[in-house]
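For reference, the structure discussed in these notes is given below.
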Amino acid sequence: MKKKRKPSLGKSAAPSKTPNTAFSHFKLKLDPFTTLSLRPQNLDCFVGRELLIDRLCSSLFSLSNVGLAGEPGVGKSSLMRAVQSRVSAGQFHSVSIGVPIDDAGYFLNELLKEMLVVISKISGMDLKTIGRRLEKENLSKNEVFSIIRQMVLKLKKPLLVFVDDLEKIKGDRIRHLTRSERTLQVLEEVKSLLELPNVGFAISLQEEFYSKVRSVVQEGGDPTILGLFKSIILVEKFSPNELREILSRRLEKAGYYSSTDHFFESEALVLALALADGNPRRFLYLLSEGMYRGYRRKTERVEFRDLFEAVNEHLKLDQVCRKLLYFLAKSGRAVASNTDLQSFMGLDMISISRRLEILCKNRLAEMVEVVDGVKVYALPGRKTAFEPTASLSLGKTTTSASGEKVFNLLNEEGNE
């Protein structure tokens, strides 16, 4: 009896060695736009914060409590991790916790858990028994605080605590309390903890805390819980140049060594920078979405249309708005009454004005100035002088060859 031969696996059946992902399509080793900037390997991409890191280290290492105020995504968590990476294990104990819910008991429990992980031995205390009690018993807030206090007072090295996500606490609609007011309530409940000696806290807070402190100081009032902080540091937005540097470093780390202009069409990058408005998390999200759409279209670089599609996923703007937005990214500014612009767009002044208002309503553009009664529009954040990325301008409607190609594609899509 003849043995049956196994069916031969053709070349097409062989498993692919390269994963079918957006970043591998662009010949990258890893995804450069992941927002997980807290990973140690991404900290060297955190630019423009050296002075802020030094200031925070100076305050925290002297065991002063410091608040980090700023809008979500501006880099407070990355700043904390960067500071934590400078903590000397020989001089300090260091723990980090996340407190996204408005519960002081949760705050204390998370802190004690992390302390038990980091601190292996304290003279006169059975830490293993404490760990079992915390796990099996429903300890009260006072009991947990009492244990933390004993541990802190017996430590041979000071303790540094990094508290993230506190600014994510939600407001209380029933009691008409804002998020910052709810955060203050939690801080009031753990006030005794913040007053302990031999420990320093770095805590993320909502942006309004910075203005709150300034107004209290100016009016000479009682800062209440805010007095427990040596300072509230405002983590400001990144400049466009800093965001470009972050992009350049991330691309290089992912194995891309050419110019960013070869990876992103210049107009696409201008749009991403404008809409990010100095927020690195928003910037990386837009770039990631643009890269994914470029991968789906199998292009050699991320183009303006890819960024626009990412932005327009829920806005559903027409092709004329896309063309006008591209013009703003190319030229910097637009005036509806400009006859060359009208000829270029194929629309009258009223139609262009209407589209500009639609872009403003969706925060994709803004009116930057009024000259002799004429409204001038630009991308968000373009209140200062702007250099066009190519020959397209308000006075002339000439375009580069690549720009003309894009406009033709847009018109073709609109007719499909």
**Message:** I'd like to verify a number: residues in region 278-289 that are assigned to a helix (DSSP H, G or I) and within 17 Å of residue 380 (Cβ to Cβ), how many?
**Reply:** 7
**Request:** Consider only pairs whose beta carbons are under 9 Å apart and that are at least six residues apart or on different chains; among these, list those whose first residue lies in region 244-271 and is more than 21 Å from residue 332 (Cα to Cα) and among the β-branched types (Val, Ile, Thr) and whose second residue is assigned to a helix (DSSP H, G or I) and open to solvent by less than 50 Å² (accessible area, probe 1.4 Å).
**Result:** 246/45; 246/280; 246/283; 246/284
**Prompt:** Could we say that residue 183 is free of Cβ contacts under 8 Å to residues at least 40 places away in the same chain and either hydroxyl-bearing (Ser, Thr, Tyr) or open to solvent by 40 Å² or more (accessible area, probe 1.4 Å) (or both) here?
**Reply:** no
**Prompt:** Taking region 31-79 as the region of interest, how many residues are under 18 Å from residue 281 (Cβ atoms), of a type in the set (A, V, I, L, M) and modelled with pLDDT of 85 or more?
**Reply:** 5
**Request:** For residue 324, state whether it is in contact (Cβ under 8 Å) with a residue 12 or more places away in the chain, among the hydrophobic types (A, V, I, L, M, F, W, C) and surrounded by fewer than 17 Cβ atoms within 10 Å (Cβ to Cβ).
**Result:** no
**Asked** Conditions: (1) at pLDDT 90 or above; (2) closer than 21 Å to residue 244 by Cα. Residue 360 meets all but one. Number of the miss?
**Response** (2)
**Message:** With open to solvent by 20 Å² or more (accessible area, probe 1.4 Å), part of a helix (DSSP H, G or I) and touching a residue at least 60 places away in the same chain (Cβ under 8 Å) as the only criterion, which of 77, 96 stands out?
**Reply:** 77
**Top-ranked residue of region 358-385 - restricted to ones that are part of a helix (DSSP H, G or I) and not basic (Lys, Arg), ranked as least open to solvent (accessible area, probe 1.4 Å)** = 359
**Item:** Unmet requirement for residue 106, which otherwise passes all of (1) open to solvent by less than 80 Å² (accessible area, probe 1.4 Å); (2) in contact (Cβ under 8 Å) with a residue 40 or more places away in the chain
**Value:** (2)
**Message:** Can you report the number of residues in region 327-357 which are open to solvent by less than 60 Å² (accessible area, probe 1.4 Å) and assigned to a helix (DSSP H, G or I)?
**Reply:** 15
**Request:** For residue 49, indicate whether it is closer than 30 Å to residue 276 by Cα and exposed (fewer than 14 other Cβ atoms within 10 Å of the Cβ).
**Result:** no
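The values are calculated or read from the model by the stated rules, or taken from the named source; none is laboratory data. This structure is a prediction, so every number in the text was calculated from the model and none was measured. Positions of Cβ are generated from backbone atoms using ideal geometry, with glycine treated the same way; all protein chains shown enter the neighbour counts. We work out accessible area using only protein heavy atoms, side chains counted, and drop any ligands, DNA or RNA first. Shrake-Rupley method; radii C 1.70, N 1.55, O 1.52, S 1.80 Å.
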